[in-house]
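Beneath this line is the structure, given in structure tokens, with notes to follow.
Derivation of every value follows stated rules applied to the coordinates shown; laboratory data play no part. Here the structure is a predicted model, which means the values were calculated and not measured. Because the Cβ atoms are built from the backbone with ideal geometry, glycine has one as well, and the counts that use them run over all protein chains shown.
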Amino acid sequence: MSQVSSALPQSAPSHRFALAALILGGAAIGGSPIFVRLSEVGPMATGFWRVALAFFPIYIFSLIKGGATGPKPETWADRGMLILPGVILAVDLITWHLSITITSVANATLLANLAPVFVTIIGVLFMGAAVTRVFVAGLLLAIVGVVILKGGPAALGQGDLLGDGGAVLAAVAYALYILAIGRLRTRFDTVRIMLWSTASAAVCLFPFGFFVEGHLMPTTAYGWAMVFGLAFISHASGQVAITYALAYLPAAFSSLTLLLQPVVAAILAWILLSEPIGPMQAIGGLVVLAGIMIARRG
């Protein structure tokens, strides 16, 4: 039986480097709500540009290093498994971006950040994984920290049921994405996985941005800067770092990096949008970090 939350060996350099990549990746993804909020195009088109533009630096990097290393997909089943994370990511981006426009931002962010809970549940029920009480305690403490960060339980009453459901679906999709990437990392290298999944996500998102919203192209340099920032920082950097880390760290622990997003988003909103950080946000951020540290020891 595999351990979802086994203690991370402190003496292994690869694990320490993976942990650093995981934290940096979570922080990079944490900036995505700011880019989405400032984007000139709709949520579906923004999601498309996020992955479509990110494909190019990933592809250029693969050329510099001489292409993807390790095993190549040999069967249609292999190719399907490499495409699957991109399809799941497209579902995650569609449901989460839509939920932001329907329910309150607090509800959408909090409910979408339940992905680590679903990673743990799916891992235990369907993948024969085991969790420790310390890991569960850390996970629950981190969730409490997110609730505090987003304004406490009172903020949850300001949403819309349909939008809240979309945010929960986004959390389930992201959990499946993390688990799928974690399974693929046992066979394929980071670059190959990211090339296939990023391309398939772009293909899935294009019709939603082009036909549903009908406004795909940003019209100003500022608008292009927002989608380029989202693509290069949040996806090409953040998702690649997390995919790399999943070869060395448990999926359930790695999914906790999602809980860094509201902390980073609050800090960036304070710096870039002049949104103040009050005592509740500061306490919530500290509680999230404490929960992650406890889960790491689990």
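Put a dot 7 Å past the Cα of ILE283, heading toward its Cβ, do the same for VAL203, and the two dots end up 5.0 nm apart. In order along the stretch 75-92, the Karplus-derived 3J(HN,Hα) couplings, from 6.51 cos²θ - 1.76 cosθ + 1.60 at θ = phi - 60°, round to 10, 5, 5, 4, 5, x, 5, 6, 7, 3, x, x, 5, 5, 4, 4, 4, 4 Hz, and Gly and Pro are given as x. Of the peptides 212-222, 75-85, the ranking by mean beta-carbon count within 10 Å, highest at the top, reads 75-85, 212-222.
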